[in-house]
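The values are calculated or read from the model by the stated rules, or taken from the named source; none is laboratory data. This one's a predicted model, so the numbers in the text were calculated from it and none came from an experiment. Cβ coordinates were reconstructed from backbone atoms using ideal geometry, including for glycine residues, and neighbour counts include every protein chain displayed. The accessibility values were calculated without ligands, DNA or RNA, using every heavy atom of the protein model including side chains. Shrake-Rupley method; radii C 1.70, N 1.55, O 1.52, S 1.80 Å.
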Amino acid sequence: MATANDGRRSIQSVEVGFPLLAALVEAARPLTLRDLAGAAGMTSAKAHPYLVSFIRVGLVQQDSVSGHYELGPFALQMGLVSLQRLDPVRIALPEVAQLQAGIGHTVGLAVLGSHGPTMVHITEASYPVHVNMRQGTVMSMLNTATGLVFAAWLPAKVAAHYIAREENDTAVTSTLAQPLKSASPAHLQAILADIRVQGMTRAVGNPLPGVDALSVPVFDHAGKLVLAITAIGPSGLFDVSSNGSIAQPLQACAREISRKLGWRPGAA
């Protein structure tokens, strides 16, 4: 038994064996004893007794033919229970608050609602931004940075449904940026494919002149889009460059929230 740095008593053997479980999670596939031990920074001889104990309690299982190790049934049950309890917005709020304090601009969170991308939380900057974005605002799929995140990362049929719905709304269609309003289906898909490559969307002076925005996606454990994080600010003060002072912390924030939701690189 050992004492942690925070003064609480802990079981050292549990902490020593944990890298084996972490390595199986990271690999996301069965591993040989040698590969698993190496990934955990152990010798095979040291790893084996821990794996025997983990097998006994269901955290690890071993294939009887290949001898490879993978996560066991109890580990899977733990993961499912954890996923069922995850609330993307609740998890995102502290990260978004920290992001806003760092960049100094207004930051909003949006989810897919029944009418389209919908703002559910806004952390405002200390200076006023004259933009019609508040909790409950439905964002244009093709004319806002937030909407384009959903257009780019939603399943194609789902995105097409909301885009078509918006195109049939003359009040919304009249405000669409001309390049997207008149784009052919192939051209629109090319634009969305480029957005996915860039990993973010931007709106420069559109739909409101003098107001710029950057928006990034947040994914869950299955690589499914669950949130968009959007930062907005006045042109001239708002850095819209892809590697700038806003884009980098914005993307880092999205990655951290996605990680807490179980996302792994390559899943989205």
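Of the residues making up segment 198-212, those that are assigned to a strand (DSSP E or B) and either hydrophobic (A, V, I, L, M, F, W, C) or outside the structural domain of V138 (by the TED database) (or both) are A203, V204, V211. Restrict the check to segment 61-70 and report whether at least one residue is over 18 Å from the mean Cα position of the chain (by Cα) and part of a helix (DSSP H, G or I). Within segment 61-70, none of the residues are over 18 Å from the mean Cα position of the chain (by Cα) and part of a helix (DSSP H, G or I). Filtered by the rule that a residue be in contact with a helix residue (DSSP H, G or I) (Cβ under 8 Å, 6 or more places away or on another chain) and open to solvent by less than 10 Å² (accessible area, probe 1.4 Å), segment 234-252 gives I246, L250.
So, S126, is that one within 23 Å of R90 (Cβ to Cβ), open to solvent by 50 Å² or more (accessible area, probe 1.4 Å) and among the small types (G, A, S) or not? Before the answer, list the steps.
Values: within 23 Å of R90 (Cβ to Cβ): no; open to solvent by 50 Å² or more (accessible area, probe 1.4 Å): yes; among the small types (G, A, S): yes.
Taking the combined requirement at face value, the residue does not satisfy it.
Test L214 against the criterion of being in contact with a Lys or Arg (Cβ under 7 Å, 6 or more places away or on another chain) and within 16 Å of I122 (Cβ to Cβ), and give yes or no. Lay out the reasoning, then the answer.
Working: in contact with a Lys or Arg (Cβ under 7 Å, 6 or more places away or on another chain): yes; within 16 Å of I122 (Cβ to Cβ): yes.
Against the criterion (in contact with a Lys or Arg (Cβ under 7 Å, 6 or more places away or on another chain) and within 16 Å of I122 (Cβ to Cβ)), L214 qualifies.
Just give me the residues in segment 183-201 being within 22 Å of Q98 (Cα to Cα) and in contact with a helix residue (DSSP H, G or I) (Cβ under 6 Å, 6 or more places away or on another chain), in sequence order.
Initially, segment 183-201 is screened for residues within 22 Å of Q98 (Cα to Cα), giving 199-201.
Within segment 183-201, T201 is the sole residue that qualifies.
Report yes if some residue within segment 225-233 is in the same structural domain as N206 (by the TED database) and surrounded by fewer than 17 Cβ atoms within 10 Å (Cβ to Cβ); otherwise report no. Checked against the condition, which is being in the same structural domain as N206 (by the TED database) and surrounded by fewer than 17 Cβ atoms within 10 Å (Cβ to Cβ), segment 225-233 yields no hits at all.
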